[in-house]
Amino acid sequence: MEFSTIRSIVSSDFDAVNALILRQLSSNVPLIGEVGHYIINSGGKRLRPLVCLLAAHACGYTGTHHITIGAITEFLHTATLLHDDVVDQSVMRRGNATVNSLWGNPHSVLIGDFLISRSFQMIVSVGDLRLMEVLADATNMISEGEVLQLINIHDP
């Protein structure tokens, strides 16, 4: 089955996630919107939001929280990529210049932090303590994994 076929199953929800992502990039700090839009428009298949939407669809979910959760997973993933590009000193991602190579490391880290804090706000808006627990545990595991990777960088 082709990727476009899979995505078509939840196409209206997928469009809603993308619209929510763009709305949630809104900030009184213009640079956040500028960099955020650069990141979002730099490509990527949005696999994590797609999995959230497909799971909701498969389970017969009829609410709207799956849209928010899809956007949250994309923001958290993107934040980890921003931070990872700084640590790895990457200059390219998905064929585009990385945020840190265009705006610098401090901008990349702080925009990543913005995406994490925005994710927290969105998690609170869903109002589900179990969701908060799962995402807190997952982001903690990601952070621990990144630190382990850093510690073992020259140890095959």
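The values are calculated or read from the model by the stated rules, or taken from the named source; none is laboratory data. Model, not experiment: these values are computed from the prediction. Please note: Cβ atoms are built from the backbone with ideal geometry, for glycine as well, and neighbour counts cover all protein chains shown. Just so you know, the surface numbers come from the protein's heavy atoms only, side chains and all, with ligands and any DNA or RNA stripped out. Shrake-Rupley method; radii C 1.70, N 1.55, O 1.52, S 1.80 Å.
GNM on the chain, alpha-carbon springs under 10 angstrom: the most fluctuating residue among Leu129, Leu50, Leu25 is Leu129.
Under a 5 Å amide H cut-off, with hydrogens placed 1.01 Å from N, Ile9 pairs with nothing among residues at least 5 apart or on other chains.
Taking 7 Å steps out from each Cα toward its Cβ at Asp15 and Ile142 produces label points 2.8 nm apart.
Think of it as helices only: each DSSP H run of n ≥ 4 in the chain is worth -39500 (n - 2.57), and spread over all residues that comes to -24500 deg cm²/dmol at 222 nm. In order along the range 46-59, phi translates into HN-Hα couplings of 6, 5, 5, x, 4, 4, 4, 5, 5, 5, 4, 4, 5, 8 Hz, rounded to whole numbers, per the Karplus curve 6.51 cos²θ - 1.76 cosθ + 1.60 with θ = phi - 60° and x for Gly and Pro.
At 1.4 Å probe size, with the rest of the protein present, what percent of the exposed accessible area of the chain is carbon and sulfur atoms? Walk me through the intermediate numbers first.
Numbers: 5490 of 9200 Å².
Looking at the chain in its full context, I get 60 percent from C and S.
Using a simple spin-label model with pseudo-atoms 7 Å out from Cα toward Cβ, Met1 and Glu34 lie 4.3 nm apart. Under Stokes-Einstein, with the Kirkwood radius over Cα pairs as Rh, the value for the chain at 20 °C and 1.002 mPa s is 130 µm²/s.
How much net charge surrounds Ile123 when only other residues with a Cβ under 15 Å from its Cβ are counted (Lys, Arg +1; Asp, Glu -1)? Present the calculation step by step, with values, prior to reporting the outcome.
Working: positive: Arg48, Arg118, Arg130; negative: Glu74, Asp128, Glu133, Asp137.
It works out to a net charge of -1.
In Å², and per residue, what accessible area does the chain have when probed at 1.4 Å with the other protein chains present? The partial results should precede the final answer.
Working: 9200 Å² over 156 residues.
Value for the chain: 59 Å² per residue.
Taken one residue at a time, the phi angles of the range 91-102 give Karplus couplings (6.51, -1.76, 1.60, θ = phi - 60°) of 10, 9, 8, 6, x, 10, 5, 6, 4, 5, 6, 8 Hz. Gly and Pro are set to x.
Using the Cβ atoms and a cut-off under 13 Å, what net charge is assigned to the surroundings of Ile142, where Lys and Arg are +1 and Asp and Glu are -1?
So the environment of Ile142 carries a net charge of -3.
Proximity of backbone amide H atoms, modeled 1.01 Å from N, is registered between Arg93 and Thr98 at under 5 Å, excluding neighbours fewer than 5 places apart on the same chain.
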